[in-house]
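S.K.: Here it is: the structure, laid out below.
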Number of protein chains: 2
Amino acid sequence: MPGQPSARGRRTTERKGDVRERAILDTCEALLAQKGYDAMTVGDVAQGAGITRGALYFYFGSKQEVVTALVARTVEHLWERSRATAQTDEPRQAIAAAMQRTVELWNEHGLVMRTAIDLSLTVPEIGELWKHTADLFVEAITRVLERAGIQAGTRPDQASAIAHALCWMIERTFYHASQESRENLQKASETCEHIWLISAGLIT
Amino acid sequence: MPGQPSARGRRTTERKGDVRERAILDTCEALLAQKGYDAMTVGDVAQGAGITRGALYFYFGSKQEVVTALVARTVEHLWERSRATAQTDEPRQAIAAAMQRTVELWNEHGLVMRTAIDLSLTVPEIGELWKHTADLFVEAITRVLERAGIQAGTRPDQASAIAHALCWMIERTFYHASQESRENLQKASETCEHIWLISAGLIT
DNA sequence: ATAAAAATCGACACTGTGTAGACTTTTCGC
DNA sequence: GCGAAAAGTCTACACAGTGTCGATTTTTAT
């Protein structure tokens, strides 16, 4: 059982197993879109990846582990992206940029993000992963609010508390909108941006 | 199979089955709290209700049907409650009252409400139930916003769109807070109220 | 070329679901 | 209070999917 997904990453020549592992994750993602988590069986994933169930269990210990790995792969991508984003000083610009980036994220990875949210409760590992991701967002929102003049602190009218609520608002709104259409996602984004701006005191 | 949960409600004498049905739902609720949906088995529920699996299937066709009935029972309660609530004219009061009621709702029924949200995706019946509940909330919020002077309409800065986002904000914030403690729930409520007030233009 | 490591397979044991038919208890009109 | 119909209950079974094991084949590196 390969412990870390990319533990073999530094190798020059790629092992056969690395290819398979990727194939498994890719198949899992496709099936998740097709039939959803519950209906998707380990046999399905194995078949899609061109191996038998028995062989799949060489790579992952369980169905949950497969999905956890998939979430980890996606979430890693999100972290990279958010690290790479330039920090703007002007709050209005920062908010617009953040929302734009979030739309792109959900357009690209909406399915896996929704799955992560759904399974956060039942798969502790995924819960951790998503919690960490949410924390990054909350921190970023908090910083912007503070820079916009909202007092720092955790009381209901202070930056940290407001940032939390805004983060959940964005998560849930995008969760639903991304299930429908890109248009809805864009519209939802504008609404969230508007509420964020108002909460920051940047518009009346 | 008893079609509607309360179809036998007008009877004077209560059938044995009515008692059992309630026992099943009560046990289900207790087990949901103890072990969660996935870990909870039909056998567990039957045992808790003092019957065998076979007998339980006389009442409900599946595990999902049991939980759906439980959600229906709870949600019916919510609807009653929201119908019974007096409508205030003054927006500030209306908002405070609504948030207070919501806190009570989540304190009393948080577990089932969280379950409903979690299963909305996988159990279409529950999805419908919850969607309808959310719609009631969105409508109520929309009315308050409009009365506070926010322009009616579905554009990002108009009442309906804002109400949607606020509804999701409240749902998600309460979902998380109700898992932790009553104190957190109360605090979360105050934060949401603050954002609602700001969005309504009632405070700066 | 070869031995160790990596990968694969098929068979098995187990758990939980839902169904079927026989059996028992309750209800209610008389 | 009697007896048939309705309501409720049970045990046994068939079936799906999960995860494990040991034997076997393929790949990799020397």
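S.K.: Would you mention how many residues in segment A:48-63 are assigned to a helix (DSSP H, G or I) and more than 10 Å from DNA strand C (Cβ to nearest atom)?
M.R.: So the count comes out to 2.
S.K.: Of the numbered conditions (1) under 19 Å from B:Leu129 (Cα atoms); (2) more than 16 Å from DNA strand D (Cβ to nearest atom); (3) surrounded by fewer than 16 Cβ atoms within 10 Å (Cβ to Cβ); (4) not acidic (Asp, Glu), B:Gly61 fails exactly one; give the number of that condition.
M.R.: Evaluating B:Gly61 over (1) under 19 Å from B:Leu129 (Cα atoms); (2) more than 16 Å from DNA strand D (Cβ to nearest atom); (3) surrounded by fewer than 16 Cβ atoms within 10 Å (Cβ to Cβ); (4) not acidic (Asp, Glu) leaves (2) as the failure.
S.K.: Would you be able to say whether some residue in segment A:102-123 is open to solvent by 10 Å² or more (accessible area, probe 1.4 Å), in the same structural domain as A:Arg172 (by TED's automatic domain parsing), out of contact with any helix residue (DSSP H, G or I) (no Cβ under 9 Å at 6 or more places or on another chain) and not charged (D, E, K, R)?
M.R.: no
S.K.: Which one is nearest to DNA strand C (Cβ to nearest atom) among residues in segment B:30-47 that are more than 14 Å from chain A (Cβ to nearest Cβ) and open to solvent by 60 Å² or more (accessible area, probe 1.4 Å)? Quick ask: steps written out before the conclusion?
M.R.: As a first pass, look at segment B:30-47 and keep what is more than 14 Å from chain A (Cβ to nearest Cβ): B:30-31, B:34, B:41-47.
If we keep only those that are open to solvent by 60 Å² or more (accessible area, probe 1.4 Å) as well, we get B:34, B:41, B:47.
Working: B:Gln34: 14, B:Thr41: 4, B:Gln47: 11 Å.
So the residue we want is B:Thr41.
S.K.: OK, next. Which residues, counting only those in segment A:178-189, are farther than 15 Å from B:Leu121 by Cβ and in contact (Cβ under 8 Å) with a residue 24 or more places away in the chain?
M.R.: Residues satisfying the conditions are A:Arg182, A:Leu185, A:Gln186, A:Ser189.
S.K.: If you don't mind, another one. Which members of segment B:139-196 meet the condition of being of a type in the set (A, V, I, L, M, F, W, C) and open to solvent by 70 Å² or more (accessible area, probe 1.4 Å)?
M.R.: Just the residues of segment B:139-196 that are of a type in the set (A, V, I, L, M, F, W, C), to begin with: B:140-141, B:144-145, B:148, B:150, B:152, B:159, B:161-163, B:165-170, B:174, B:177, B:185, B:188, B:192, B:195-196.
Across segment B:139-196, there are no qualifying residues.
S.K.: Hey, any hits in segment A:162-170 for a residue that's farther than 20 Å from B:Glu171 by Cα and modelled with pLDDT of 95 or more?
M.R.: No.
The values are calculated or read from the model by the stated rules, or taken from the named source; none is laboratory data. None of the values given here were measured: they were computed from a predicted structure. When we count neighbours, we look across all protein chains shown, and the Cβ atoms used for this are built from the backbone with ideal geometry, even at glycine. For accessibility, only protein heavy atoms count, side chains too; no ligands or nucleic acids. Shrake-Rupley method; radii C 1.70, N 1.55, O 1.52, S 1.80 Å.
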